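The values are calculated or read from the model by the stated rules, or taken from the named source; none is laboratory data. Keep in mind the model is a prediction, meaning the values are calculated, not measured. Don't worry about glycine lacking a Cβ; one is built from the backbone with ideal geometry, like all the others, and counts go over all protein chains shown. Side chains included, ligands, DNA and RNA excluded: accessible areas come from the protein's heavy atoms. Shrake-Rupley method; radii C 1.70, N 1.55, O 1.52, S 1.80 Å.
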Amino acid sequence: MAPAITPVQTSATFPAATTVVVIGGGIVGLTAALALAERKIPVVLLEKGAIAGEQSSRNLGWVRKTSRLAEDIPLALASDRLWAMMPHRLGSDVGYRQAGIMFVARTQAQMALYEGWLKSVAQLSLDSRLLSRHEIAAMVPGGRGQWAGGIYTPSDGRAEPTLAASAIAKAAIARGAFIVENCAVRSLTLSAGKVSGVVTERGEIRCDQVLLAGGLWSRRFLGNHGVSLPTLPLICSVLRTRPMAGPTEIAVGAPDFSFRKHQDGGFIITQRGALDASLVPDHLLLGLRYLPQLRAQRGNLRISLGKNFLHDLTLARHWGAKSITPFEKVRMMDPPANRALNQEAMDNLMAAWPAFAKAEIADTWAGTIDVTPDSNPVIGPVNRIPGLTVATGFSGHGFGTSPAAGQLAADLVSGCQPIIDPAPYRFERF
């Protein structure tokens, strides 16, 4: 089950024509719709299920620069500024707190990775710094972990996924955007090779531009139009505790667990060192492109072959505008939480900070992440289809950069000056 988001009153109908259609009601698509509506550009956002029903409500809520690739940090810095502005912009609190993020290392080899990352971003003047084990003990008291050291970025933080997407959607609607749930887009309409509209399960909408922000579904949508997007699905399991006394407001990531404070006083916890790789045909089709990632992260993947493979085979890869699509057959990807991984996370956390032995589990869930070969998203036009822009493939860290990612997508769609240089995210790099 996904965490329950704050409900939003969306539209039951949509206009016959608009300027921009956004496909996908996750937080990036919603932020893009808000940015367009703020510029008084007519926009219709279409979501096959419920807004934020998939990874946008299921992520950990971290807002970080630490350990991002250097080329991805300008987007994260821009997002920090936009997160801080959200209460004024939306008229609503989204739980954003700049409480800091700390990563701790058990070995010198792990510390060397943080040292290397810090050198790689030295020119960006971040406030990140290395920590000794004594500093970790002082900043996160009550621990028993034998840490080699760590890294800490005070300006990193967190926000609440169950609040943010809803607040952004409400603000976009208030500024004139149409948001329609339970309405899948089946295909693009092209005129002279350029986008001229979309065909939905409820009829056609004429438009000048389309922004595809469909998360894990973007690859299948593009594939139906003969465009290959190399993304693969991985599953992250998460748990939330009931309110409890904890060691710190700082979010902490260790090699095999992480925790961060939830706004209700509980904690969001995961087994940071393990993701489920439930094989589907795309893993076989694209696997060679991911060999560098596999070599680096092979110990973190729990690979399995089961019913997901067979289920994926039943979903069409190609269809016509009048056909029932995979997006109508699967309104929401809702993988079960891996109980074993969640228990590993708790066991590892309790060994390091015994205060968590008193934790009571309030909820568990899992979410499917769409990962690219270089772990950076795709934000940019698809040159083969003029009028189509994509914002997808956020590889498990899209929530934190969503404010700037959505605005960058809106900038590109509307021809405005981009908030940051979009070159690292161009589609053609694949």
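Could you list, ordered by first residue, the pairs with Cβ atoms under 9 Å in which the first is in the stretch 85-114 and more than 30 Å from LEU34 (Cβ to Cβ) and open to solvent by less than 30 Å² (accessible area, probe 1.4 Å) and the second is of a type in the set (Lys, Arg) and assigned to a loop (DSSP other than H, G, I, E, B), at least 6 apart or interchain?
none
Look through the stretch 359-383, keep the residues that are open to solvent by 40 Å² or more (accessible area, probe 1.4 Å) and out of contact with any helix residue (DSSP H, G or I) (no Cβ under 9 Å at 6 or more places or on another chain), and return whichever of them is nearest to ARG106 (Cα to Cα).
GLU360
Step by step: first the residues of the stretch 57-87, then only those that are in contact with a Pro (Cβ under 6 Å, 6 or more places away or on another chain) and among the hydroxyl-bearing types (Ser, Thr, Tyr), then the one that is farthest from THR389 (Cα to Cα). Which residue is that?
The residue in question is SER57.
Among the numbered criteria (1) open to solvent by 40 Å² or more (accessible area, probe 1.4 Å); (2) within 24 Å of the chain's Cα centre (by Cα); (3) closer than 30 Å to GLU201 by Cβ, which one does LYS322 miss?
Answer for LYS322: the failing condition is (2).
Quick check: anything in the stretch 261-272 open to solvent by 20 Å² or more (accessible area, probe 1.4 Å), over 19 Å from the mean Cα position of the chain (by Cα) and closer than 23 Å to PRO373 by Cβ?
no
Considering each residue of the stretch 106-154, count those that are acidic (Asp, Glu) and more than 28 Å from the chain's Cα centre (by Cα), and give that number. Quick ask: steps written out before the conclusion?
Here is the first cut: in the stretch 106-154, the residues acidic (Asp, Glu) are 115, 127, 135.
Remaining after also requiring more than 28 Å from the chain's Cα centre (by Cα): 135.
Looking only at that region, the number is 1.
Of all residues in the stretch 386-415, which are more than 30 Å from LEU279 (Cβ to Cβ) and either free of Cβ contacts under 8 Å to residues at least 12 places away in the same chain or among the aliphatic types (A, V, I, L, M) (or both)? Break it down stepwise before answering.
First, pick out the residues of the stretch 386-415 that are more than 30 Å from LEU279 (Cβ to Cβ): 386-387, 389, 403-404, 406-415.
Result: ALA404, LEU408, ALA409, ALA410, LEU412, VAL413, GLY415.
Can you say whether THR18 is touching a helix residue (DSSP H, G or I) at 6+ places or on another chain (Cβ under 9 Å), at pLDDT 95 or above and hydroxyl-bearing (Ser, Thr, Tyr), as far as the supplied structure shows?
no
Would you mind stating whether LYS40 is buried (at least 24 other Cβ atoms within 10 Å of the Cβ), farther than 26 Å from PHE267 by Cα, out of contact with any Leu (no Cβ under 8 Å at 6 or more places or on another chain) and touching a residue at least 40 places away in the same chain (Cβ under 8 Å)?
Numbers: buried (at least 24 other Cβ atoms within 10 Å of the Cβ): no; farther than 26 Å from PHE267 by Cα: yes; out of contact with any Leu (no Cβ under 8 Å at 6 or more places or on another chain): yes; touching a residue at least 40 places away in the same chain (Cβ under 8 Å): yes.
Against the criterion (buried (at least 24 other Cβ atoms within 10 Å of the Cβ), farther than 26 Å from PHE267 by Cα, out of contact with any Leu (no Cβ under 8 Å at 6 or more places or on another chain) and touching a residue at least 40 places away in the same chain (Cβ under 8 Å)), LYS40 does not qualify.
Among the candidates ALA137, ALA174, ALA165, single out the residue that is free of Cβ contacts under 8 Å to residues at least 12 places away in the same chain and under 29 Å from PRO403 (Cα atoms).
Checking each option against the conditions leaves just ALA174.
Hey, can you tell me all the residues within the stretch 246-260 that are open to solvent by 30 Å² or more (accessible area, probe 1.4 Å) and either part of a strand (DSSP E or B) or at pLDDT below 95 (or both)?
GLY246
Could you check, for the stretch 46-64, whether at least one of its residues is more than 18 Å from ALA172 (Cβ to Cβ), open to solvent by less than 40 Å² (accessible area, probe 1.4 Å) and assigned to a helix (DSSP H, G or I)?
yes
Which one of PRO418, PRO336 is in contact (Cβ under 8 Å) with a residue 12 or more places away in the chain and part of a loop (DSSP other than H, G, I, E, B)? Spell out the reasoning first.
Working: PRO418 fails: in contact (Cβ under 8 Å) with a residue 12 or more places away in the chain.
The unique qualifying residue is PRO336.
Looking at the stretch 384-401 only, could you name the residues that are among the polar types (S, T, N, Q) and open to solvent by 10 Å² or more (accessible area, probe 1.4 Å)?
Within the stretch 384-401, the subset among the polar types (S, T, N, Q) is 389, 392, 395, 401.
The one that is among the polar types (S, T, N, Q) and open to solvent by 10 Å² or more (accessible area, probe 1.4 Å): SER395.
Taking the stretch 313-333, which residues are assigned to a loop (DSSP other than H, G, I, E, B) and either out of contact with any helix residue (DSSP H, G or I) (no Cβ under 7 Å at 6 or more places or on another chain) or within 30 Å of ILE361 (Cα to Cα) (or both)? Step through it out loud before you land on a result.
Residues of the stretch 313-333 that are assigned to a loop (DSSP other than H, G, I, E, B), as a first pass: 315-325, 330-333.
Passing the criteria: HIS318, TRP319, GLY320, ALA321, LYS322, SER323, ILE324, THR325, VAL330, ARG331, MET332, MET333.
Which of the residues that make up the stretch 285-318 are open to solvent by less than 60 Å² (accessible area, probe 1.4 Å) and touching a strand residue (DSSP E or B) at 6+ places or on another chain (Cβ under 7 Å)?
Those that are open to solvent by less than 60 Å² (accessible area, probe 1.4 Å) and touching a strand residue (DSSP E or B) at 6+ places or on another chain (Cβ under 7 Å): LEU286, TYR290, ASN300, LEU301, SER304, GLY306.
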